[in-house]
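*Asks:* Here it is, the structure, as C-alpha cells.
Quick note: the coordinates plus some simple rules give every number you see, no bench work behind them. In this text the structure is predicted, and so the values were computed from the model without any measurement. Backbone-built Cβ (ideal geometry, glycine too); neighbour counts: all protein chains shown.
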C-alpha cells in the first residue's frame, strides 16, 4: 500500500469536486489537518472513512487503496459507435463500481489488553481483505523513559504457528508515547480474516530497547469485533 499514491488520489478527488481541505474534511467529519496528512502521504484514512469517501464521491474502495482509477471510460476512435452501446457500457461500469463497493464488509479491531487502546478496521469481501490500524495509545503505568530503539510487528498466530504480517518503522531515542503517535499498520490481501477464526489470532508485539540494551516486549492480543458474515 503506497501512502503517497493514496494521498494524491484523495487530493484529486477533492480538487475534482472543487472542495477546499476544510470543505472536504467537513463532509467526512474529520479535521482539515487530517486531510492534509492524507494528501501529503503522512497518514491514510481509516477503512470506515474510506467507505464514506467511496459512497460520497462515487469511487471504488479498491481505487482508493491502489491510489488510481480502475474503471475508466475510454473515448472511442470509431465515429460509427452507436450511442446506445455507449450508454450500456456506461451503465455496466456504474453497476460494477457500485456492487464492488457494497460487496465490502467492515469489522473493527481493538485491543484485548487493558494497557493499550487500539483503534483499527478491517475491510473484506469474498476475494480480498485489508487491515488498517490507525491509533495505538499506551494507557498503562506512566512510562517516561527514552528508549534507544522501538519497533513493532503485527503477527498472525494459528495454534503454534506465528506469521509476521507487517512491521512498523524502527525509531531511535524516543519515548513509547511519542513512538506510538505515528504508528500506522497496513496489511493488504489478508486471507485469514474470515477463515479459521477459532484458531487464528492477531497479536501486536512492541519491542522497546533501553540504553542498557535491555529489551521490553509488550504482547498485545487483538480482537476483530462482530462475526464474519
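*Asks:* For the pair residue 161 and residue 182, what calculated FRET efficiency results from E = 1/(1 + (r/R0)^6), where r is the Cβ-Cβ distance and R0 = 30 Å, to the nearest 0.05?
*Replies:* Calculated value: 0.50.
*Asks:* State the extension gain, in nm to one decimal, for the chain segment bounded by residue 223 and residue 153, taking 0.36 nm per residue of separation less the distance between their alpha-carbons. Present the calculation step by step, with values, prior to reporting the outcome.
*Replies:* On the way: separation 70, 0.36 × 70 = 25.20 nm, distance 1.58 nm.
Once the chain is fully extended between residue 223 and residue 153, it gains 23.6 nm.
*Asks:* Between residue 58 and residue 214, what is 0.36 nm times their sequence separation minus the Cα-Cα distance? Round to one decimal in nm.
*Replies:* Length gained, residue 58 through residue 214: 51.1 nm.
*Asks:* Here is a further query. Compute the distance in nm between two label points, each set 7 Å from the Cα along the Cα-to-Cβ direction, one at residue 2 and one at residue 33.
*Replies:* Taking the simple label geometry, residue 2 and residue 33 are separated by 2.9 nm.
*Asks:* Ranked by Cβ crowding within 10 angstrom, fewest neighbours first, how are 61, 174 ordered?
*Replies:* Ordered from fewest to most neighbouring Cβ atoms within 10 Å, 61, 174 come out as 174, 61.
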